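Okay, so here's the structure we're looking at.
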Amino acid sequence: MAFVASLPSIRASPVPVSQCSVRFDSKELESIARLSAVRKWRVKNALGALGQWQLEVGEPMPSGAGSLGSELIKESNANPIFMRKDTKTSFQWRIRNLPYPKDVYSVSVAQKERCVIVRTTNKKYYKKFSIPDLDRHQLPLEDSALSFAHANCTLIISYQKPKEVMAAESELQKELKKVKTAHSSDGDCKTQ
């Protein structure tokens, strides 16, 4: 069962809260850690219609899923896969299929652009990404909060969550506990 909830706790959002919605799927909430496994945003466009879902946290959908020509042209399985998976105390990004040793990678914060930059010294990989949670709360990026590790061809980048973000997430969890979800066994419409 999926439900859509507007987030009143995100006041510093660049988009008005009335135009934002987040989709949580009951299968997508990790019950043990109470962390969302997937976070998707959907913003109204200029005409007022809801736009496409924008994935913020979680694994991206396979590129060939649902397309007609997926069996003819397919993306290589060896390409790097970038995804975000948060923990309780840190934002975490994983880049799979990066076979180089740890000393080849350079992970830094670009203060002016408000983003994190990942690059290799052999110039085989370069990636810039922002941290939307910090942008929403209008918090600065700090070099000291950033760390990275490399294991099993996966680069794991961690950024320690500031206290303000952790407080907002705990408030959001309290609000989500108040929301009642409809539980149904099969989801089919009952007809007479």
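Points to keep in mind about this one:
- Dipole size of segment 92-177 about its Cα centre, with +1 on Lys/Arg Cβ and -1 on Asp/Glu Cβ: approximately 440 debye, rounded to the nearest 20.
- Taking every protein chain into account, the accessible area of segment 88-142 amounts to 56 square angstrom per residue (probe 1.4 Å).
- Lysines with Cα under 23 Å of LYS177, excluding same-chain neighbours fewer than 8 positions away: LYS27, LYS40, LYS85, LYS88, LYS161, LYS163
- Around ILE81: net Lys/Arg minus Asp/Glu count, Cβ-Cβ under 11 Å: 0
- Take every pair of alpha-carbon atoms less than 8 Å apart whose residues are at least six positions apart; their mean separation over the length of segment 84-190 yields a relative contact order of 27 percent.
- Counting Lys and Arg as +1 and Asp and Glu as -1 over every other residue whose Cβ lies under 11 Å from the Cβ of ILE95, the net charge comes to +4.
The values are calculated or read from the model by the stated rules, or taken from the named source; none is laboratory data. Since the model is a prediction, treat every value here as computed from it, not as a measurement. Glycine gets a Cβ as well: all are built from the backbone with ideal geometry, and neighbour counts include every protein chain shown. Quick note on the areas: whole protein, heavy atoms, side chains included, nothing else; ligands and nucleic acids left out. Shrake-Rupley method; radii C 1.70, N 1.55, O 1.52, S 1.80 Å.
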